[in-house]
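Student: Below is one structure. I have some questions about it.
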Amino acid sequence: MAVAEPHTPARRRALRADAIRNREAIVEAAAEVMAEQGAAVDVREIARRSGVGMGTLYRHFPKKEDLVRTVLDQDFSRWAESARQAAIEAEDPWAALTDFYRQALSGCARHRAIMESFALTWTDPDPTGIPQLRAVLEELRARAAELLRPGVTTDDLVLLLISLGYAAQFTDACRPHMWNRLLRVSLDGLRAEHREPLPES
């Protein structure tokens, strides 16, 4: 009768290291595939790209929704923190707002799952996604308040990002960076020299 090999401390550490590497590979592959195909991607493709079996994938993420949320949380957090840091470092408030939109729209053009998540979290907010972006845009709006036309709200800035994000996705394959033109037109409309009141809704 075979005797099971004892799990020595060194062996346990090796197993933990393997598990960590597998999880990181799964999340990295999922982020790549979701950017290309959206959240409806087949988990078998994620397993294939990550180099693990389906059993390993399900041990780390029993439900596909768990993996999707992990990837979106990671991507949103990195994105929002990068934008927040850039806003802190920028001396010109208008440049900070413009640079945020350019950075964000570059991400929107490349990441289908993030745009899908925007649509969901607008009506059903969660701790990440729209709320994170709203927090950054609230800070940017406060800094640029004297440069913005009266009545511009944070929701206006969030919805502008979402609408331009869809435009970026639709046009990026055939007209790369055409969204830059739309961004310029949109931001010009936010400038303080436009004094006429905005519609209530």
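The values are calculated or read from the model by the stated rules, or taken from the named source; none is laboratory data. This is a predicted model, so every value here is computed, not measured. Cβ: placed from backbone, ideal geometry, glycine included. Neighbour counts: every protein chain shown. Note: areas computed on protein heavy atoms with side chains; ligands, DNA, RNA excluded. Shrake-Rupley method; radii C 1.70, N 1.55, O 1.52, S 1.80 Å.
Student: Please find, within segment 67-104, the residue that is surrounded by the most Cβ atoms within 10 Å (Cβ to Cβ) out of those that are under 30 Å from Glu45 (Cα atoms) and charged (D, E, K, R).
Tutor: Asp75
Student: I've got another one for you. Could you say whether any residue in segment 32-40 is open to solvent by 80 Å² or more (accessible area, probe 1.4 Å) and in contact (Cβ under 8 Å) with a residue 60 or more places away in the chain?
Tutor: Yes; the residues of segment 32-40 include at least one that is open to solvent by 80 Å² or more (accessible area, probe 1.4 Å) and in contact (Cβ under 8 Å) with a residue 60 or more places away in the chain.
Student: In segment 154-201, how many are buried (at least 17 other Cβ atoms within 10 Å of the Cβ), farther than 20 Å from Gly107 by Cα and charged (D, E, K, R)?
Tutor: Adding up the residues that qualify gives 0.
Student: From the residues in segment 2-41 that are farther than 18 Å from Asp73 by Cβ and in a loop (DSSP other than H, G, I, E, B), which one is modelled with the highest pLDDT?
Tutor: Applying the filter and picking the extreme gives Ala40.
Student: If you take the residues of segment 42-52 that are open to solvent by 60 Å² or more (accessible area, probe 1.4 Å) and in a helix (DSSP H, G or I), which of them is nearest to Arg78 (Cα to Cα)?
Tutor: Among residues in segment 42-52 that are open to solvent by 60 Å² or more (accessible area, probe 1.4 Å) and in a helix (DSSP H, G or I), the one nearest to Arg78 (Cα to Cα) is Arg49.
Student: Among Thr128, Thr123, which is open to solvent by less than 30 Å² (accessible area, probe 1.4 Å), out of contact with any Lys or Arg (no Cβ under 7 Å at 6 or more places or on another chain), at pLDDT below 85 and β-branched (Val, Ile, Thr)?
Tutor: Thr128
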